[in-house]
Amino acid sequence: MLLFRAQGSSVILISYTFGLFLPFIREDLDISPLEAGLLQGVWWVTAAVASLPFGVWFSKVRPVLVVSLSLFLSIPFLFAQAFANGFPILLLARFAFVGCHVMTVPARTLLLQQWAIPRQFAQINSVGLSQHSLMLALAVSTSAIIITELGSWRLAYMILGGMFILQTSVWLLIAKEDKAPVEDFQSRLEEQDGTPLRALSHYPQSWLIAVVMFFLSATWTSLVTFLPTFWLEQRGVPLIVGGPLLGFLYYALIPTALLGGFLAEKIPNRKLLLGIPAFFNTLFGVGIILSGDPVVLMFLITGLGLAWVFTPAINVLPFEFPGISPREVAVISSLVVTFSALGFAAGPTLVGLVAQSTGSLETGLLTICLLTSSGVLAAGLYPLRSGNNSKT
C-alpha cells in the first residue's frame, strides 16, 4: 500500500515541481502565463474527465494488474516531457502521462479492501500521507537547488523518469496477489449486480465531500504553481529560497499526518472533518499572498499544509455509508478524485487567466484563494454522521 502511495506521490511530484521548473521552461520554450496555467491545468483536467469512467471500468479488474499496466504505459510519456521542443508537445505529453496514471484511481480503495481490514484504512491513509509529505518536502526543497546546479529542467525530468522506472521494477517484484490476506476478493467484485454508478444518487453526501476537496485542491495547486514566480518577480525572493519555503507545506505534515486515523475516530461530527480544513485553507491562502516576510510565510505555509491532516479521515468517509459495496466505494472515490482534479486544474488556469487580463499575478492568486471559501458552506451541509445512524 505504501509503495502504491509512493507511485502516486511521484506522479503528483511531477505536477507540483512544475512551478519550480516554470521560470526555466518559460525562458526555454517562450510560453505565456496562460500557457503555463494550461500546462498545469491539463494535468488535472485529464484526471477530472477520466477518473469517473475509469473508476467504473477498471473497478472490475484486478487492482494489482491495473497498477502494473499504468506504470508501463506512463513511462514513455514522462520522458517525452523532457524532450518537448515547444508548448504543444509538452501539453500532449503531460496529457498522455496523467491519462495513464488515472487508470489506477479505483485501485486506491480496492487495494485497501484487498490488503487490509476496515479499522486500518484511516491509519494506512495517514501513514501514506506522511510518506507523501516527506517525499514532496524533500523534492520541493531540493528541486530548485538541483535544477540550478544542473542548469537544465530537461535533465531534471529525466532523473524523475529514472526514479519512476525503479518504482515500477520494485512493484513487479513485491505486489503478489497470492499474498493478499483477503481471499476471493476478485469474485466479490465480479458478483456485484447493477452499475456502481447508482452510488452517486444513493449517497448524495458524497458530492459534498467532492466539493470540499475541489476547493482545497484549487488553492494548493495555484500556490505551488505560481508562488515561486510571484516571489521572484514581485517580492525579490530567489528560487533557491522560494523552493525551501514551499517545502513548509509538507514539513509539519510528515509527523502530523499520522493523526488522520485518530481524527477519524475522535471527531464523530463529520461536518468538522470537512469544515475545519476548508476554513483554514482560505485563511492561510490569503495570508500567504499578502505577506512578504519569510518568517511569517514559513508559519502561514505550514498552516496551509496542516489543513490536509484531515484528508486521510475524509477519504475514509465513503466506507461508512450504509450498505455500500466495494465497487461503489471505488466510484465515490473516483468522484472525489474528479472534483479534486477539477480544482487542481481550475486553480492555476483561473490564476493565469486573471493575471494575464489584469497584469497582476497577485490579483489572480487572491481571486482563487477567496473563491475557495465556498468549501466551508459545502461542509455545513454534510450530515453529522454519514453511517447508519446519520442525522442532519
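The values are calculated or read from the model by the stated rules, or taken from the named source; none is laboratory data. All values derive from a computational prediction rather than experimental measurement. A quick note on method: Cβ atoms are made from the backbone with ideal geometry, for glycine too, and the neighbour counts reach across all protein chains shown. In case anyone asks, the SASA skips ligands and DNA or RNA and just uses the protein heavy atoms, side chains included. Shrake-Rupley method; radii C 1.70, N 1.55, O 1.52, S 1.80 Å.
Couple of notes before you dig in:
- Hey, LEU297 farther than 25 Å from HIS202 by Cβ and open to solvent by less than 10 Å² (accessible area, probe 1.4 Å) or not: yes
- Enumeration of residues in segment 87-116 that are buried (at least 24 other Cβ atoms within 10 Å of the Cβ) and not in a helix (DSSP H, G or I): THR104, VAL105, PRO106
- Set side by side, the residues ILE31, ILE25 differ, and just one is among the aliphatic types (A, V, I, L, M), outside any helix (DSSP H, G or I), open to solvent by less than 40 Å² (accessible area, probe 1.4 Å) and closer than 20 Å to GLN81 by Cβ, which is ILE31.
- In the set (1) in contact with a helix residue (DSSP H, G or I) (Cβ under 7 Å, 6 or more places away or on another chain); (2) closer than 19 Å to ILE14 by Cβ, PRO76 fails one condition alone, (1).
- Taken over segment 312-328, the residue count meeting the criterion of being outside any helix (DSSP H, G or I) and open to solvent by less than 10 Å² (accessible area, probe 1.4 Å) is 1.
- Summed over segment 346-367, residues that are open to solvent by less than 10 Å² (accessible area, probe 1.4 Å) and closer than 16 Å to VAL212 by Cβ total 1.
- Residue check for ALA6: surrounded by 23 or more Cβ atoms within 10 Å (Cβ to Cβ) and aliphatic (A, V, I, L, M): no
- Residue that is farthest from PRO268 (Cα to Cα), among those in segment 329-345 that are open to solvent by 10 Å² or more (accessible area, probe 1.4 Å) and not aromatic (Phe, Trp, Tyr): LEU342
- Residue in segment 303-311 that is open to solvent by less than 50 Å² (accessible area, probe 1.4 Å) and in contact with a Ser or Thr (Cβ under 7 Å, 6 or more places away or on another chain) present: yes
- Checklist (1) closer than 30 Å to LEU38 by Cα; (2) out of contact with any Cys (no Cβ under 9 Å at 6 or more places or on another chain) applied to SER325, failing item: (1)
- Which numbered condition VAL182 fails, given (1) of a type in the set (Val, Ile, Thr); (2) open to solvent by 30 Å² or more (accessible area, probe 1.4 Å); (3) at pLDDT below 85; (4) assigned to a helix (DSSP H, G or I): (4)
- Residue list for segment 73-86, restricted to those being within 18 Å of LEU38 (Cα to Cα) and either in a helix (DSSP H, G or I) or in contact with a strand residue (DSSP E or B) (Cβ under 7 Å, 6 or more places away or on another chain) (or both): PHE77, LEU78, ALA80, GLN81, ALA82
A quick yes/no check of all residues on (1) more than 30 Å from LEU246 (Cα to Cα); (2) in contact with a Gly (Cβ under 6 Å, 6 or more places away or on another chain); (3) at pLDDT below 85; (4) buried (at least 20 other Cβ atoms within 10 Å of the Cβ):
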residue: TRP44; (1), (2), (3), (4): no, no, yes, yes
residue: SER59; (1), (2), (3), (4): yes, no, yes, yes
residue: LEU65; (1), (2), (3), (4): yes, no, no, no
residue: PHE72; (1), (2), (3), (4): yes, no, no, no
residue: ASN85; (1), (2), (3), (4): no, no, no, no
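- Test: residue in segment 211-228 that is among the aliphatic types (A, V, I, L, M), modelled with pLDDT under 90 and farther than 25 Å from PHE344 by Cα: no
- Residue list for segment 117-138, filter: assigned to a helix (DSSP H, G or I) and of a type in the set (A, V, I, L, M, F, W, C): PHE121, ALA122, ILE124, VAL127, LEU129, LEU134, MET135, LEU136, ALA137, LEU138
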